[in-house]
Each structure stands twice: as C-alpha cells, then as structure tokens.
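Just below is one structure, and these are the notes that go with it.
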Amino acid sequence: AGATPVLADPSGVVLAVVQQSEADGQTGRRVLFPEKPVFSGDRIITGPVGEAQIRFRDNTRLVVGPNSTMKIDAFVFDDSDSAREISINAVKGAFRFITGNSPKDAYKITTPTSTIGVRG
C-alpha cells in the first residue's frame, strides 16, 4: 500500500493571476487563483495571455509572463522565514524576479542557457 504524500508548508502565495495560469505539483495540476498557495516542486505554467505573480515567504516576488513555464526547484526556509536555498528553473518564457529578505547567495535561477546568481 502506498503512503499518502505529506505536503510541506506553502513556499509562497499567489498575488495576482491573468488567466490562464496553472501549477503542476505533488497534488496534481491546478488553476492558480489569488491567495492560493504554491509549493516547492511546483511547475508554474502560463497560457498565451496568462501571467502569475507570486510572493514567497521571505518577500521574494516572482512574475511569470505569458507562454512561460517556471519550476520552483527548491525553496528551503529556516524558522524565521529566511530562505537557506532558493532554486528556480526558467524552463521557457519570460519572468521577473525580485529578491526578498534572504541572503543573496541563497538565490539560484537556471535558464535554458545559463545559471544566474544574486550578488550585493
């Protein structure tokens, strides 16, 4: 018999959505709505006019543009909601990323052609 998966605390919350935007993760594929949670491991997928704005627990903000796919590889927080590791994979499309209250060396963004770190 298989065990029921246990979900971790949400990594962030959806601030705004231009339909249609979806998340695909441990709980399956779901349409994103404002104030709904997103989790580490989720893949954010936007349609031709879709856009999703997400705020993570450390106040990092991510905007995923139309026709985009972004995977939240890891968002590992300590007890004070500061991230120890933030890893995002920009599979395709456009995104805007604004760092939050975590140490800058915790951030890693991977694109199809490069890896981006945050300094200063």
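The values are calculated or read from the model by the stated rules, or taken from the named source; none is laboratory data. Remember, it's a predicted structure, so these values are computed and weren't measured experimentally. Counting neighbours? That spans all protein chains shown, and the Cβs are built from the backbone with ideal geometry, glycine included. Accessible surface is based on the protein model in full, side chains and every heavy atom, while ligands, DNA and RNA are left aside. Shrake-Rupley method; radii C 1.70, N 1.55, O 1.52, S 1.80 Å.
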Item checked: Percent accessible area from carbon and sulfur atoms, segment 21-107, protein chains only, probe 1.4 Å -> 46
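I want the local charge near residue 102. Using Cβ-Cβ distances under 14 Å, sum +1 for each Lys or Arg and -1 for each Asp or Glu among the other residues. Before the final figure, lay out each step's value.
Working: positive: 55, 57, 61, 84, 104, 108, 119; negative: 58, 78, 79, 81, 85, 105.
Residues near residue 102 contribute +1 overall.
If Lys and Arg each add +1 and Asp and Glu each add -1, what is the summed charge of the other residues whose beta carbon sits under 12 Å from the beta carbon of residue 117?
On the way: positive: 104, 108, 119; negative: 105.
My count for the surroundings of residue 117 gives +2.
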Check: Considering only the other residues whose Cβ falls under 14 Å of the Cβ of residue 65, what net charge follows from Lys and Arg at +1 and Asp and Glu at -1?
Finding: +2
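What number comes out for accessible area per residue over the chain if the probe is 1.4 Å? Units Å², please.
On the way: 6620 Å² over 120 residues.
Accessible surface, normalised per residue, equals 55 Å².
Tell me which chymotrypsin sites (Phe, Trp or Tyr not before Pro) from segment 10-77 have a DSSP coil assignment and no more than 12 other beta carbons within 10 Å of their own.
On the way: sites: 39, 56, 75, 77; in loops: 39.
In loop regions of segment 10-77 (DSSP not H, G, I, E or B), there are no sparsely surrounded chymotrypsin sites (Phe, Trp or Tyr not before Pro).
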